[in-house]
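Structure first, commentary second.
The values are calculated or read from the model by the stated rules, or taken from the named source; none is laboratory data. These figures come from a predicted structure and were not determined experimentally. Note: ideal-geometry Cβ built from the backbone for every residue, glycine included; neighbour counts use all protein chains shown. Note: accessible area is taken over every heavy atom of the protein model, side chains too, but ligands, DNA and RNA are not part of it. Shrake-Rupley method; radii C 1.70, N 1.55, O 1.52, S 1.80 Å.
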Amino acid sequence: MCGIVGYVGRSAATPVLLGGLRRLEYRGYDSAGVTLQSSEGLLTLRAVGKVARLADKVRAEWSDARQASCVVGIAHTRWATHGAPTEANAHPHADAGGRIRLVHNGIIENYRALRAKLEAKGHVFTSETDTEAVARLVGEYNKGDLRKAVISALRQVEGAYGIAVVSADEPGRIVVARKGSPLVIGVGEGECLIASDPSALISHTRRVIYLDDGDVALVTADSVDITDLDHAPMDRDVARLEFEVSAVEKGGFEHFMLKEIHEQPESVRNALRGRLDLLNGTAVLSGMGATARELLDLQRIVMVGCGTSLHAGMVGDFAFEELAALQAEVQPAAEFRYRNPLVDGRDLVVAISQSGETADTLAAVREAKDKGAMIMGLVNVVGSTIAREAGRGVYLHAGPEISVASTKAFTGQVAVLLLMALKLSRGRRLSRERGLALAAEIARLPELIEAVLRQDAAIAKVAESMVKHEHAFFLGRGPMHPVALEGALKLKEISYVHAEGYHAAELKHGPIALLTPGMPVVVLANRSPVLDKTLGNAEECKARGAHVIAIVTEGGPEAAVADEVILIPDCDPLVATIPAAVALQLLAYHVARLRGCPIDQPRNLAKSVTVE
Ligand code: AGP
C-alpha cells in the first residue's frame, strides 16, 4: 500500500530517493517524506500530497550542496491506514530523541498496546499512526547497535511490515526488515538500494535480493548482511531483473493505463508464448508442476483472488466446467481465509494476483496449504511473495503494471486460465478436434485485441454519451457476467461513476428499480448461446428509457435495441471475454479522461493491497 525507498552509496541520495518514490507512487500517494543522514545528524522533510510536493519542499529547503553531501537516506510515499494524510502522520517517523528515523509499509496490529506501554513510560506521540510506536520502540532499545535495537523492537510487534531505519549515530548503514509486506534490496556497484518493489531500482541495478518474512538486513554501500529475528545468519539469492526500464515509463502515452491497454496484444502474446500447443490442441504449462496423473485425479479447482483477479477467476470457472467438466469454484480471498474452507489434497487452489502481494490472497494460500490442498499461483510480479509461497504456478509475463486500474493483467490471467482449462480438458472431456479449434481461437487473441484497439477513437465517441451520468449498469450472461463486473469496476475505479455489473437476468429482481431515463446500460451482446436472452434483458432496460450501449460481434446478429454499439471480432464465446474486456477498459478510460480524473492514481486506491 505504501512505497518505501532507501539508498546507501557514494552518490547524492536525494535524487535516487525521489526518483524511486515517483516510481512507487502508484502504491500510495496521499503524503510523502524523506530522511537523509548528514554531518549535522538526520535531516527530514515531509509533505502532504504527491511526491512532487515533497520534491518542491526539498528544493526549497535543502541547498544543492547540502543534498550532494548526503549519500544515505530513506523515503516513503503513503497510503493512509492509521491517521489522516497529514504532515505529522507522514513518514519517516522518529524515536523520542530524534536520533532514529523509520519508514514502514504494512499495519502494526498491536500498536495500541505498544503505544500505551510507551506512553506509560512518558513518551509523547506526535502522530496518530501505528508506525510511530515502532520507531519509538527501536529508540528504547538502541544502545549503539541499530540492528540489535530493531530486532528487539520487532520481537514485540504483531502485524505486517516492511521497514527501513536509519540512525544519526550509525552513518552509512540502513537496517531493513520484512514480514508480510514486500521488500527488495538492489545490489549495485558501490551502492545498495531498498524498495517495496523492483520498479523503483531497475534504473540503478538489475541485481536484487528478495527478502523473506522474518528477514532483517544490515545494508551498507558494499554489503548486505541478513539474519533472522534470532540473529541467525540467513542466505538469500541475488536474482536478476528481466524487464526493461522503458516498461516502467509512459512511452509517449498520456497515462500508464492507456499504454498498458495498448500493450495487450504483446502481453497476451507473452502469456501464450511456448504454452499453446496448436498441433495437439492442448497447452504446456510446466510451471504447474503437477503430473498428468495428479491433474487427472483432481476433484475440483478453487480460484481465489480479489478485485479484478477475482473477476478473472470467474471467467476461468466457466472455462474449467465447460471444457474440462471439472468442478470449479471462485472465492473472494478475504472470505476463503476465514470461512474454514472445505478443501483437501485432491483440490487445486489457484491464487490469482497481479502484484503477488495482496494480503488476503496470500493468507488464502497459507490457509489452503494448511488444509493440504495443491496450490499454484497465477501471478504477474516475478519473485513476489505469493509466487514464492505457492511454490509453483504460472507467470503472466505481462511486464510491470503501473496504473492502479488493472488491465493487461486481467487479459493475461484469463488467457492463462483458458490455457489451463484446455490442458486439463484434453485429459478429460474435450475431443482433439474441439481442442485444436479452441487452441486456434486462443492463438488469435493478439489480433482480436488489435481489432478492438483500432476502434479506440470510436469507443471514445461512445464514452461522450456517458460522461454526464453518475450511474451506469453493465450486463452480461455466462462468461460475460464477470466481464460485466470487470467493466463496472474499471469505470468505478477511474471515473468515480457509480457503475454496477449484473447478471443480465438479475436486473428485474430488483436493480432495475434504479434505472432512470438516459441512464447508460452497457450490454455484452456478443454471439453466444444466450444472446437472445441478453437482448431481451436489454429490451427491458430500453423500455424504461435507458441509453443502451451494446458490445456486439462484428458481422453477427444485430442489436437493434442498442443506441450505440461497439464491435468485437467474431470468436469463441469463452475467448470473446478478452476482446470484450479490452473494449470496456477503453470505454472506462475515455469516460474518466473526459471527466478529467487522475486516471493512473485514482483517489483512495492503491495498486497492491498489502493489508487486510
Ligand atoms: C483492479 O483494477 C484493482 N487495482 C484491484 O481490484 C486489484 O485487482 C486487486 O486489489 C487485486 O490485486 P492483485 O491482482 O495484485 O492481487
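Kindly express, to the nearest 10 degrees and within the range 0 to 90, the angle between helix 13-24's C-alpha long axis and the longest C-alpha principal axis of the chain.
Helix 13-24 sits roughly 20 degrees off the main axis of the chain.
To test your reading of the geometry: what angle, between 0 and 90 degrees and rounded to tens, separates the Cα axis of helix 577-594 from the longest principal axis of the chain?
Around 60 degrees separate the two axes.
Tell me, in nm to one decimal, what length is gained between Leu342 and Ser69 on full extension, where the rule is 0.36 nm per residue of separation less the Cα-Cα distance?
92.4 nm
Give me a comma-separated list of calculated 3J(HN,Hα) values for the range 429-441, in order, Karplus coefficients 6.51, -1.76, 1.60 applied at θ = phi - 60°, integers in Hz, x for any Gly or Pro.
Listing the rounded values in order: 10, 7, 6, 4, 4, 5, x, 5, 5, 5, 4, 5, 5 Hz.
Heavy-atom accessible area per residue, the chain, 1.4 Å probe: how many Å²? If you can, show how the numbers build up before the last one.
Numbers: 22040 Å² over 612 residues.
Accessible area per residue: 36 Å².
Sequence neighbours fewer than 8 away in the same chain don't count; with that in mind, list the lysines whose C-alpha is under 24 Å from Lys492.
Counting by Cα, and skipping residues close in sequence, Lys492 has these lysines nearby: Lys50, Lys250, Lys259, Lys408, Lys461, Lys468, Lys508, Lys542, Lys607.
Place a +1 charge on the Cβ of each Lys and Arg in the range 120-261 and a -1 charge on the Cβ of each Asp and Glu, then give the dipole magnitude about the Cα centre in debye, rounded to the nearest 20. List each step's numbers first, then the result.
Numbers: 15 positive and 25 negative charges, 49 e Å.
Using only the charged Cβ atoms, the result is roughly 240 debye.
Are there any trypsin sites (Lys or Arg not before Pro) in the range 56-135 that are in a DSSP loop and have at most 16 other Cβ atoms within 10 Å? List them by number.
Working: sites: Lys57, Arg59, Arg66, Arg78, Arg99, Arg101, Arg112, Arg115, Lys117, Lys121; in loops: Arg99, Lys121.
Within the range 56-135, the qualifying trypsin sites (Lys or Arg not before Pro) (loop, at most 16 other Cβ atoms within 10 Å) are Lys121.
Determine, from the Cβ-Cβ distance of Ala440 and Arg392 and an R0 of 22 Å, the FRET efficiency 1/(1 + (r/R0)^6), rounded to the nearest 0.05.
0.20
What order, most packed first, do the peptides 382-393, 499-510 have when packing is the mean number of other Cβ atoms within 10 Å of each residue? Before the final figure, lay out each step's value.
Values: 382-393: 20.9, 499-510: 18.2.
Descending packing order for the listed peptides: 382-393, 499-510.
Gain in length, Ala543 to Glu335, computed as 0.36 nm per residue apart minus the alpha-carbon separation, to one decimal in nm?
Numbers: separation 208, 0.36 × 208 = 74.88 nm, distance 3.81 nm.
Between Ala543 and Glu335, full extension yields an extra 71.1 nm.
Any chance you could check the Cα centroid distance between the range 50-99 and the range 142-218 for me, in angstrom?
When both Cα centres are located, 17 Å separates them.
How much of the pair distance distribution for the range 398-543 lies past 28 Å, counting alpha-carbon pairs only, in percent? Mind dumping the intermediate values first?
Details: 3089 of 10585 pairs.
Result: 29 percent of Cα pairs exceed 28 Å.
Go ahead and run the numbers for FRET between Lys250 and Ala120, Cβ-Cβ distance against an R0 of 51 Å, rounding to 0.05.
Details: r = 51 Å, r/R0 = 1.00.
Calculated transfer efficiency: 0.50.
Suppose R0 equals 60 Å. What FRET efficiency, 1/(1 + (r/R0)^6) with r the Cβ-Cβ distance, do Asp532 and Glu109 give to the nearest 0.05?
0.70
Counting only protein heavy atoms and a 1.4 Å probe, tell me what percentage of the chain's accessible area is made up of carbon and sulfur. Show your work: numbers first, answer last.
Values: 11420 of 22040 Å².
Solvent-exposed carbon and sulfur of the chain make up 52 percent of the total.
Residue farthest toward the positive end of the dipole of the chain, with Cβ of Lys/Arg at +1 and Asp/Glu at -1: which of Ile107, His311, Ala271?
Projecting each Cα onto the dipole axis, the largest value belongs to Ile107.
How big is the chain on each of its three principal axes, counting only the C-alpha atoms and giving the largest first in Å?
Taking the Cα atoms of the chain, the three principal extents are 75, 56, 44 Å.
Once the piece of chain linking Leu278 and Leu514 is laid out straight, how much longer is it, given 0.36 nm per residue of separation minus the C-alpha distance between them? All intermediate terms of the calculation are to be shown ahead of the outcome.
Numbers: separation 236, 0.36 × 236 = 84.96 nm, distance 4.71 nm.
Gain on extension, Leu278 to Leu514, equals 80.2 nm.
Can you compute the charge dipole magnitude of the range 419-491 about its Cα centre, using +1 on each Lys and Arg Cβ and -1 on each Asp and Glu Cβ, nothing else charged? Give it in debye, rounded to the nearest 20. Display every interim value, and only then the final one.
Numbers: 12 positive and 8 negative charges, 109 e Å.
For the range 419-491, the charge dipole is close to 520 debye.
So how strong a dipole does the chain carry about its Cα centre when Lys and Arg Cβ are +1 and Asp and Glu Cβ are -1, to the nearest 20 debye?
Numbers: 67 positive and 75 negative charges, 64 e Å.
For this selection, approximately 300 debye.
What spacing in nm lies between the two simple spin-label points modelled at Glu554 and Ala84, each 7 Å away from Cα in the Cβ direction?
Result: 5.2 nm between the two label points.
Which loop trypsin sites (Lys or Arg not before Pro) in the range 266-304, with loop taken from DSSP, have no more than 10 other Cβ atoms within 10 angstrom of their Cβ?
Numbers: sites: Arg269, Arg273, Arg275, Arg293, Arg300; in loops: Arg273, Arg275.
Qualifying residues, ordered by number: Arg273.
With a point put 7 Å past each Cα toward its Cβ, work out how far Arg293 is from Asp56 in nm, to one decimal.
6.7 nm
Helix 131-141 versus the longest principal axis of the chain: what is the Cα-based angle in degrees, 0 to 90, to the nearest 10?
Once rounded, one gets 30 degrees.
With just the Cα atoms defining each centre, how far is the range 540-557 from the range 399-459? Give it in Å.
Taking the Cα centre of each part, the range 540-557 and the range 399-459 sit 25 Å apart.
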